[in-house]
1. Restricting to DSSP loop positions (anything but H, G, I, E, B) with no more than 14 other Cβ atoms inside 10 Å of their own Cβ, which chymotrypsin sites (Phe, Trp or Tyr not before Pro) remain in the range 5-107?
2. Toward the positive end of the charge dipole of the chain, about the Cα centre and with charges on Cβ (Lys, Arg +1; Asp, Glu -1), which of 6, 130, 109 goes farthest?
3. Answer with a single label: of (1) 48, 36, 31; (2) 41, 34, 32; (3) 36, 35, 31, which was calculated as Cα extents along the principal axes in Å from the structure in view?
4. Would you mind calculating the relative contact order of the range 1-79 from Cα pairs under 8 angstrom and at least 6 residues apart, reporting the percent as a whole number?
5. Taking H placed 1.01 Å from N in the peptide plane, check which residues at least 5 places from residue 92 or on another chain put their amide H under 5 Å from its amide H.
6. What are the DSSP H helices in the chain that stretch 20 Å or more along their long axis, judged by alpha-carbon atoms, and whose average Kyte-Doolittle hydropathy comes to at least 0.0?
7. Tell me, how many Å apart are the Cα centres for the range 98-131 and for the range 2-36?
8. Anyone know which of 71, 110, 17 comes out most mobile in the 10 Å Cα GNM of the chain?
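All of the numbers you see were taken from the coordinates with simple rules; none came from a lab. All figures in this text were calculated on a predicted structure; none of them were measured in a lab. Counting neighbours? That spans all protein chains shown, and the Cβs are built from the backbone with ideal geometry, glycine included.
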Amino acid sequence: MNISYLSLGTNLGDRSKNLQTALEEIREIGTISKKSSIYQTEPEGFKDQDQFLNQVLRLETELEAIELIVKLQEIEHRMGKNIEFKDGPRLIDIDIIFFNDQIIDHPNLKIPHPRATERNFILTPMKEIAPKYQNPHNQKSIEELLNKLTNPKKVEIWT
């Protein structure tokens, strides 16, 4: 059984429904053993867009990492993902943050996610479900990484 941590984000349409639909689809490829609260966050990069809803999941799956990313991209496609430019608005975004304790450098997949340790919208929900998890690149825990953020963006639990 493989353990992965996934980050979900959405800022278009019915954001809550987008997350719920993604969760239902992800349940078809594995077991969601933990999920964070839903957080409302400021956009990264391009600022002139609506706030995001973000969530982190712990997924247990038989799939290997490259198989998992293909399945997640299929979910995004079925849901209507269409990003017009980098850091732009999105109906759904599903990223693999960590996969077991592996470091993967594949043309279509980098694990750990290259910018995960810089993003409060990933680290805060990750801390909620796995505060002691250690980044395989540097063996720093999620708590340590979160405490090292120099300019964290506002992240708050969405109600």
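1. For chymotrypsin sites (Phe, Trp or Tyr not before Pro) across the range 5-107 that sit outside H, G, I, E and B with at most 14 neighbouring Cβ atoms in 10 Å, the list reads 46, 85.
2. 130
3. Label of the calculated value: (3).
4. It rounds to 43 percent for the range 1-79.
5. Amide H neighbours of residue 92, under 5 Å, 5+ apart: 82.
6. 65-79
7. If we compute the Cα centre of each part, the gap is 15 Å.
8. Result: 17 has the largest fluctuation of those listed.
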